[in-house]
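In what follows, a single structure is set out as structure tokens and then discussed.
Every read-out reported here was derived from the displayed coordinates using simple, explicitly stated rules and does not represent laboratory data. Everything quoted here is computed from the prediction, not taken from an experiment. Cβ: placed from backbone, ideal geometry, glycine included. Neighbour counts: every protein chain shown.
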Amino acid sequence: MTPRLILLKIYNKFYVFFYNKSKYYIDLIRGNTHINFNIPIIKTSYINIKELNLSNIDPDVADYLSKMYIQHKFDLLGSGWVKNSYDSAALGLERYKYDMNVAAPASAPEGYEPIDWQKDFKSGFRWSEKKWYKDQRIAHKPGSDIKVPWELARFQHLPQLAIFTMADPSLKEQNLKEFKNQILDFIRNNPPRIGVNWTCTMDVGIRVANMLAAYDMFCQMDGGGILDQNFKQTLSNSVYEHALHIVNNLEYSPHLTSNHYLSDIAGLLQACAYLDGGGEIDAWLAFALQEITCEMKKEFYEDGGNFESSTSYHRLSGELMAYSVALILGLKSDKISSLQNYDAKLWRKKPKLLPPEEQEFKILDGQIALPQWFVDRLYKIGRFTADITKPNGEVPQFGDNDSGRFFKFSPNGEFLSSEQAARKYLNLSGFAGGGEPFWDENILNHSALISFMGGIFDDEIFKNDMRFERSFVRSLAGRTLQVSDKTYKSLIISGVKFGELSHRKSIEFKIPNSQEIKKIFYPDSGIFIFKSNKFYLAICATPLGQNGHGGHTHNDKLGYELWINGRDIARDPGTYLYTPIPDRRNEFRSVKAHNVPIIGDLEQNSWGEGAIGLFGMFAECRCEVADFGENFISLAAEYKGVKIIRKFEIKEDGLEIVDMANREFYYSKFELYSNGYGKLSRIGALNE
């Protein structure tokens, strides 16, 4: 760096430090960080509940989950169905367990027990409700997981309460009151910029979107005035505070934006669509729409896959895109008019807000027209998920899986007994459900995203049993989009030549005869699929991800998932945890956790030491297509002097996998398996 650039970086560091300190002291001196004025009460509605298809909502599940949420029992990130209150005891995370309970606030409504929003109710660790949001430490104590309070405070259970109320009107009064009380509980005990739930802007964006979706639906069912004017004013103020927080805390970098930034702007879009327009709100709305368009090009490949190199993060980012597009298509006429004459100078953050005439989106005949390349790529996002889905409805688990969602509308899973759940999942050791049923969410079923896309595109590939999501998006958007390019991207052979590889091993599997096996290749995403009704093979050769940063990538290159005739034969082990137990994080993303050729103790890509290394890798492995044909594909991997070619060939009665390397190699037998963040079982347990 030049001396001038070094001085500029030092100046910026000092500027940010003193700016944050000044904001910190202002918030502490004020004592109350809520806005000191009332914004117009939100009266806009985008969701017509009469158009929603509830036929896939099981009334037994609706009744069960409503009861759990009202009792403040949540199963989040592997917690099991446990109560979160100020005096609840934690089950513990592996060997870590904390008792940090404090007295509950005294101002709760009669009959309502407050939720402890600052507590990781898995380990029992509690963050301070008095600390400024930027002073909260993420990896605080071993076993503590900040994602747990963040996940609860996303409020993704509140739209479900509204949906369950529509499915079973007898639940209306209790669910309306619970929605109101939880919103007021959160607002009262999580003032802006104070406590753990303002630390991550991504979660602020997801939260405000879920607040608004639930509010929109509940308002249409509230014939008795449970949601009174005082409540509506309080909620409307909070929506503005959420939007303001997002604007002032964008997770933006000119070098890298990811699902976090996409969540920020998706939440901002939702808030601005509902808030009364004018001035800054119009500029915020225009910025959100501008950045949704920009992030499509940055975060999604031309073939439709996501640049995080994770099938689960593809689902999260795909939902963010699909719902944002649906809302953009359904924006009210006054919002559309504002996009033609907003004042770009009112936006003083980075990146820059372009004036109306320079935007890629256009206003035609009173409607927003998105660029055709954008529409085509959105379609391919949905098709990617449909294509990678196994016949059993689940997706392969390549890369990280933190169970992240934008909205969780239709419940997706199965009932177990508490005893079955405790036997199935090692993380529930010691769990006592009191004989109650245990709803086990299927996090690997991504059919909701496919259904979302069915609300935007009339295409058979997006029709499935998740009918609510399709009707919700169709109600929101009010119209569908037309695709101009449905072609698959061509696969190009790299032409890599390793010469003679002296070490060779092969693996064979029997497959059903007379199967018409279709091959589907995603070259940008590095995922290659062979599938039929009774056979499924997905092969991983994903890029490092995040433009080479590798934050959510695993050392799974040349790995595969195999499903034959109704049974999983080989599965990626998943993720399990991030920061609570760093050794577990590294164990699950290591080469030894995957069904790939292993050379000594070498990792395909190395990572840094300590907490900073948990979300990044060094780009050391090159993985490319060496050759392919009608019934085979060969992939080459090269790293740290290692050269490997792995060939997958489908023959008349079987699959043969041949590995060749320039050094002696072996296969590891990893016994652990995680089908969702925080969930832990043993290989084979989920097939029993």
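Observations on the structure shown:
- Note on the stretch 14-73: percent of Cα-Cα distances in each 10 Å bin, starting at 0 and stopping at the bin with the largest distance, equals 15, 17, 20, 22, 20, 6.
- Extension gain for Leu346 to Glu173 (0.36 nm times residue separation, less C-alpha to C-alpha distance): 58.0 nm.
- Fraction in percent of alpha-carbon pairs per bin - 5 Å, the stretch 245-349: 2, 12, 24, 24, 18, 12, 6, 2
- Close amide-amide hydrogen proximity is noted between Leu416 and Phe438, Trp439, Asp440, each under 5 Å apart and 5 or more residues distant or on a separate chain (H modeled in the peptide plane; Pro and chain starts excluded).
- Rounded to the nearest Hz, the phi-derived 3J(HN,Hα) couplings of the stretch 104-109 under the Karplus curve 6.51 cos²θ - 1.76 cosθ + 1.60 (θ = phi - 60°) are 6, x, 8, 9, 6, x, where x marks glycine and proline.
- For the pair Arg423 and Asp228, label points projected 7 Å from Cα toward Cβ lie 5.2 nm apart.
- FRET E, pair Cys294, Ile612, Förster distance 22 Å, beta-carbon r, rounded to 0.05: 0.20
- Summing Cβ point charges (Lys, Arg +1; Asp, Glu -1) relative to the Cα centre of the stretch 105-211 gives a dipole of roughly 480 debye.
- Both radii come from the Cα set of the stretch 109-215: Rg as radius of gyration, Rh as Kirkwood radius; their ratio Rg/Rh reads 1.00.
- Restricting the stretch 475-555 to trypsin sites (Lys or Arg not before Pro) in coil, as DSSP defines it, with at most 14 other Cβ within 10 Å: Arg479, Lys486, Lys497
- Using θ = phi - 60° and Karplus 6.51 cos²θ - 1.76 cosθ + 1.60, couplings along the stretch 500-508 (whole Hz; Gly, Pro as x): 6, 10, 7, 10, 9, 9, 9, 10, 10
- Long-range HN-HN contacts of Phe535 with modeled amide H, under 5 Å: Asn565
- Our note on the geometry: Cα centres of the stretch 378-429 and the stretch 636-670, 29 Å apart.
- Comparing His157, Leu235, His255 along the charge dipole axis of the chain, the residue lying farthest to the positive side is His255, per the Cβ-charge model.
- With a cut-off of 12 Å between beta carbons, the residues surrounding Ser532 carry a summed charge of +4, where Lys and Arg count +1 and Asp and Glu -1.
- For Ser668, the residues 5 or more places off, or on other chains, whose built amide H falls under 5 Å of its own are Val596.
- Calculated P(r) over Cα pairs in 20 Å bins from 0, in percent (choose from (i) 17, 52, 28, 2; (ii) 13, 26, 23, 21, 12, 6, 1; (iii) 16, 38, 26, 16, 4, 0), label: (i)
- Pair Ile138, Asn36: separation of 7 Å Cα→Cβ label points (nm): 3.5
- Signed unit charges on C-beta, dipole axis of the chain, positive-most listed residue Gly143, Ala273, Tyr667: Gly143
- Using a cutoff of 8 angstrom between alpha carbon atoms and counting only pairs six or more residues apart, the relative contact order for the stretch 255-406 works out to 33 percent.
- In the stretch 79-152, the trypsin sites (Lys or Arg not before Pro) that fall in loop regions by DSSP, at most 14 other Cβ within 10 Å: Arg95, Lys130, Arg137
- Flagged links, alpha-carbon separation over 24 Å, of Lys134/Lys345; Lys73/Lys122; Lys130/Lys177; Lys23/Lys43: Lys134/Lys345; Lys130/Lys177; Lys23/Lys43
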